[in-house]
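Undergrad: Got a structure for you, questions after.
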Amino acid sequence: MSAGCGLASHLRSLRTNLKITCRLTRVLNVITEHEDQHQAEMLRQFQQELGALKVQSHLVFWQMPPPWCVSVHGSEGKERSHVEPGHIQDFSNWIVAHLLYLKRFGIAPVAVELINEPDGASNTNYTPEEYDSLLCNVKCEL
C-alpha cells in the first residue's frame, strides 16, 4: 500500500486552482474537503503497517505541478521544466499542507526530499538559489 496513491485524488482538485497563489490553509482545506473515508482508512492502515514493521517513511515530492513551471531549453537542446520563481512559496505551501495532512494519520516521515534531483533531466529544475528559497520557505511554514 502506498500513501501516494491515497493522495492522488486531491491532485485533480488542486490542479484547477494552480494558476493563482495558494495559501497554506487553502491547500490544506482543499485536501481535507476532498478526503473520502476509503482514503482516510487507507492512510490509517498504512501508518499501522509502518508501525508494526518498524519502518520509517521517507517522502519525495517528485516535481512541482506543471502550471507553476516554465519550459526552458537545456544544454542538450531538450525542453526542461524549470520552476517559475513566483510559485516557490506556492509549492512550499503545497508540500507543508500534504505533510500536515499526513500528520493527522500519524505519518511523520523521518526525511523529506522537497524535489527529486533539482538539477535532473526529467524533474523540475531549480538553481541553487531557488532551491535554497524553497527550503527556507518550507522550514518557515513548518
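Undergrad: Taking neighbour counts of Cβ atoms within 10 Å as a proxy for exposure, in what order, fewest first, do M42, M64 appear?
TA: Starting with the residue having the fewest Cβ neighbours, the order is M42, M64.
Undergrad: Expressed as a rounded percentage, what relative contact order does the range 3-141 have, with Cα pairs under 8 Å and six or more residues apart?
TA: Relative contact order, the range 3-141: 29 percent.
Undergrad: If I model a spin label as a point 7 Å beyond the Cα along the Cα-Cβ vector, how far apart are those points for Q37 and E113 in nm?
TA: 3.7
Undergrad: Positive end of the dipole of the range 77-142, charges at C-beta (+1 Lys, Arg; -1 Asp, Glu), about the Cα centre: which of V83, N125, I95 has its Cα farthest in that direction?
TA: Selected residue: I95.
Undergrad: Taking every Cα atom in the range 33-76, find the radius of gyration and the maximum pairwise distance Dmax, and write them in Å.
TA: Cα-based Rg and Dmax for the range 33-76 come out at 17.5, 47 Å.
Undergrad: Report Rg/Rh for the range 29-142, rounded to two decimals, where Rg is the Cα radius of gyration and Rh the Kirkwood radius.
TA: 1.03
Undergrad: C69's amide H: which non-local residues (gap 5+, or another chain) put their own amide H closer than 5 Å, with H modeled 1.01 Å from N in plane and none for Pro or chain starts?
TA: Counting only residues 5 or more places away or on other chains, the set is E84.
Every read-out reported here was derived from the displayed coordinates using simple, explicitly stated rules and does not represent laboratory data. Every value quoted in this text rests on a predicted model; they were computed, and no experiment measured them. Every residue, glycine as well, gets a Cβ built from its backbone with ideal geometry; the counts of neighbours run over all protein chains shown.
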